[in-house]
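All remarks here apply to the structure that follows.
We did not get these values from a lab; they are worked out from the coordinates using the rules stated. Given the structure is predicted, the values throughout are model-derived calculations rather than measurements. Backbone-built Cβ (ideal geometry, glycine too); neighbour counts: all protein chains shown.
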Amino acid sequence: MKTTALTAIIVDDEELARSLIREYLSSHPEIKIVAECANGFEAVKAVTELKPELMFLDIQMPKLSGFEVIELLDESPEVIFVTAFDQYAVKAFDVHAVDYLLKPFGKERFDEALHHAVERIRSKEPIKVKAVVAEAKQSGQPLERILIKEGSKVLVIHADKLDYIEAQDDYISVRAEGKSHLKMQRLSALELLLDDRRFVRIHRSYILNIERLSKIELYAKDSRTAILKDGTQLPVSRSGYDRLKELL
Amino acid sequence: MMLLYGEVNLSAWYLCRAFPLERTSVWKILLVAAVAVTIFSSLWTLLGWGVMSIIEQSFSVTLSPLPLIQSLLIVYITGKPLFLISLAISYLIAAFERSNESERNAYEARLLAQHAELKALRMQIDPHFLFNSLNSISALTMTNPELARTMTTTLADFFRKSLSYGAKETIPLSEELSLLHHYLDIEKIRFGKRLTVQLTIDSETVTDLVPPLILQPLVENAIKHGIADSLDGGTITITTQKKNGRLFITVENPVESDAPKKKGAGMGMEIVRQRLQTVYGNNGDLKTVVNGNRHHVILFLPTSQRT
């Protein structure tokens, strides 16, 4: 039986950690390493351009964590997470039966995780990593930055730089520093992650950074307009106005 | 008779509780004892006289007054030392109980302090550090067995030293620095080119005493924020100097502006601050300063040397 080799990438900021996985994979001719990445930005780029089938992904990395890499990808390959110590993540992995390796790991454990992942790729089972990542993100503090992928590049926008966010079908348009950026995410999902003392859902389609608000004008019965410091006008719904009043 | 004895002890016991030795002046106690003794002996004598009267009336006999007064006098006089002895015994028992209690309190306090110290030590050694180091060793066993061996022994030395130094109240700065060297050697293998360390040690400072493992958490923080969160890494600078009889130690690292906030980042710093407070009171402190893209932590300590 001859099958084509599966493509894989290794993502870890430590060179020695990458070399260990490379070493372990050398006894698996069915896996072909197409890229090695030392950080999340490289990983997003490599996955977007090379579309590997399998990714070994470290969680603690500079600038972009492994979870953020998954969040940024439109389509994630099958993932084997690698981490030194993270009780919360491990719990989420177990719940969703996602493969992970705890550093340091032996060859046997590695082979076992690889075997599972390969089986899932071959049987075309849907990938569950997005659910795990969503869960791992929610259990933390409010979101301090928004990550946006433009092509194979990653943009990092700090929460205090945000002006407002507009819903556009399945996308959100993030307005910051005079520019708009599109991201595939639901507005309601983002609303849950942002700090609710600074960001208000003023309308079905808008979340506003209250620091940017200049004044609110009544424009018809039950219909108001928020005027921002830069002059932008946004609609405010009745329930949005209630939420805004509560916060101010 | 039993009733009487019980009464003697009970009243003495009550006095001893009402006027505890350690919180009452000697004169007050003496005065109280004197008054109590007089009242007690009088009461007792009165009781004796009452009993005599009852006997006289019910048996219709007349006791000769002279022996009666004599016996009452004896009761009055013997009553006093009896009461005093009872009072002294009560005070003794109370003192014994208190010493037991204070011993237990001291023991509990010592246990609590040890717990806190152990907890502090555990907090200082980041589990990521241990597991990542072991993973590096595991990787090196194939590619560079010799370096794997070096890293294993360095890691062992580091832990052995942290355990033995951690038990001491203070150690010379030179020992703290040698511990730091082990730690940095391991991190240099892990991070490779990303980590550069620059040490500027004033030779006058190496014999100064510092609390053990006081620098290690600061350097660990510096690596976590300045190196592990950075794509290209950078330089960690450690400087020690003496000024106006005070010891200054600075740990400096580059700042990554858009790094994600780490949970519990301020924890290590807080533990260091608390330890300085316990050892030096207001004479030791820690300050953090961000200067451009460099983050500085400055420790101030009074200088002291082993005699």
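With the simple model of a label 7 Å out from the Cα in the direction of the Cβ, B:VAL206 to B:ARG246 spans 2.6 nm.
Annotation: the antiparallel percentage among DSSP beta bridges lying fully within the protein assembly as shown is about 70. Using every pair of separate Cα atoms, the Kirkwood estimate puts the hydrodynamic radius of chain A at 20.0 angstrom. The dipole here belongs to region A:1-138: it is taken about the Cα centre, uses +1 on the Cβ of Lys and Arg and -1 on the Cβ of Asp and Glu, and is about 260 debye. Could you calculate the FRET efficiency of B:THR196 with B:GLN305 from 1/(1 + (r/R0)^6), where r is the beta carbon distance between them and R0 is 35 Å, rounded to 0.05? Calculated value: 0.65. Please name which of B:LEU209, B:PRO302, B:MET269 has its Cα lying farthest along the dipole of region B:125-302 towards the positive end, using unit charges on Cβ (Lys, Arg +1; Asp, Glu -1) and the Cα centre as origin. With unit charges placed on the Cβ atoms, the residue in question is B:MET269.
The charge dipole of the protein assembly as shown, taken about its Cα centre with unit charges on the Cβ atoms of Lys, Arg (+1), Asp and Glu (-1) only, comes to about 1000 debye.
Helix A:40-50 axis versus longest C-alpha principal axis of chain A: approximately 70°, rounded to the nearest ten. Mean partner shielding of peptide A:81-91, defined as the number of other chain Cβ atoms within 10 Å of each residue Cβ, is 2.
Helical runs assigned H by DSSP (4 residues or longer) give chain B a calculated mean residue ellipticity at 222 nm of -22000 deg cm²/dmol, each run adding -39500 (n - 2.57) before division by the residue total. Computed about its Cα centre, the charge dipole of chain B is approximately 240 debye, with only Lys, Arg, Asp and Glu carrying charge at their Cβ. Modelled this way, with points 7 Å down the Cα-to-C-beta line, the labels at B:LYS287 and A:LEU218 are 5.5 nm from one another. Just checking the listed ones, B:HIS128, B:HIS181, B:HIS295: in the Gaussian network model of chain B with Cα springs under 10 Å, the one fluctuating most is B:HIS128.
Rounded to 0.05, the FRET efficiency of the A:GLN168 and A:TYR88 pair, given R0 = 35 Å and the Cβ-Cβ distance, is 0.60.
Applying the Kirkwood pairwise sum to the alpha-carbon positions of region A:145-247 produces a hydrodynamic radius of 13.9 angstrom. Between region B:292-307 and region A:96-174, what is the separation of their alpha carbon centroids in Å? Taking the Cα centre of region A:96-174 as reference, the centre of region B:292-307 is 42 Å away.
In region B:125-302, Cα pairs under 8 Å separated by at least six residues give a relative contact order of 18 percent.
The stretch between A:LEU182 and A:VAL95, if pulled fully straight at 0.36 nm per residue, gains 28.1 nm over its current Cα-Cα span. Give, as ranges by residue number, the residues of region A:14-42 whose backbone N falls under 15 Å from the point 7 Å along Cα→Cβ of A:ALA5. It comes to A:22-36, nothing else. Measure nothing but the geometry: give the 0 to 90° angle between the long axis through the Cα atoms of A:238-247 and the longest principal axis through the Cα atoms of chain A, rounded to 10°. It is inclined by approximately 80 degrees. Here region B:125-302 has an Rg and Dmax of 16.3, 53 Å, counting Cα atoms alone. Structure remark: mean-square fluctuation, Gaussian network model of chain B, C-alpha springs under 10 Å; the largest value among B:GLY268, B:GLY79, B:GLY166 belongs to B:GLY79.
For chain A, adding -39500 (n - 2.57) for each run of n ≥ 4 DSSP H residues and dividing by the number of residues yields -10000 deg cm²/dmol at 222 nm. Here the Kirkwood formula, the inverse mean of 1/r across different C-alpha pairs, assigns chain B a hydrodynamic radius of 25.7 Å. Paramagnetic label reach from A:GLU30 (point 7 Å along Cα→Cβ; backbone nitrogen cut-off under 15 Å): within region A:51-87, residues A:53-54. Cross-link check: pairs A:LYS63/A:LYS128; A:LYS32/A:LYS183; A:LYS128/A:LYS149 evaluated at a Cα-Cα cut-off of 30 Å; pairs beyond the cut-off: A:LYS32/A:LYS183. Sites counted here are trypsin sites (Lys or Arg not before Pro) in a DSSP loop (not H, G, I, E or B) having no more than 14 other Cβ atoms within 10 Å; the longest part of chain B that contains none of them is B:1-167. Comparing B:PRO211, B:PRO81, B:PRO145 in a Gaussian network model of chain B, where Cα atoms under 10 Å apart are tied by springs, the biggest mean-square fluctuation is seen for B:PRO81. Its alpha carbons considered, the protein assembly as shown gives a radius of gyration followed by a Dmax of 38.4, 133 Å.
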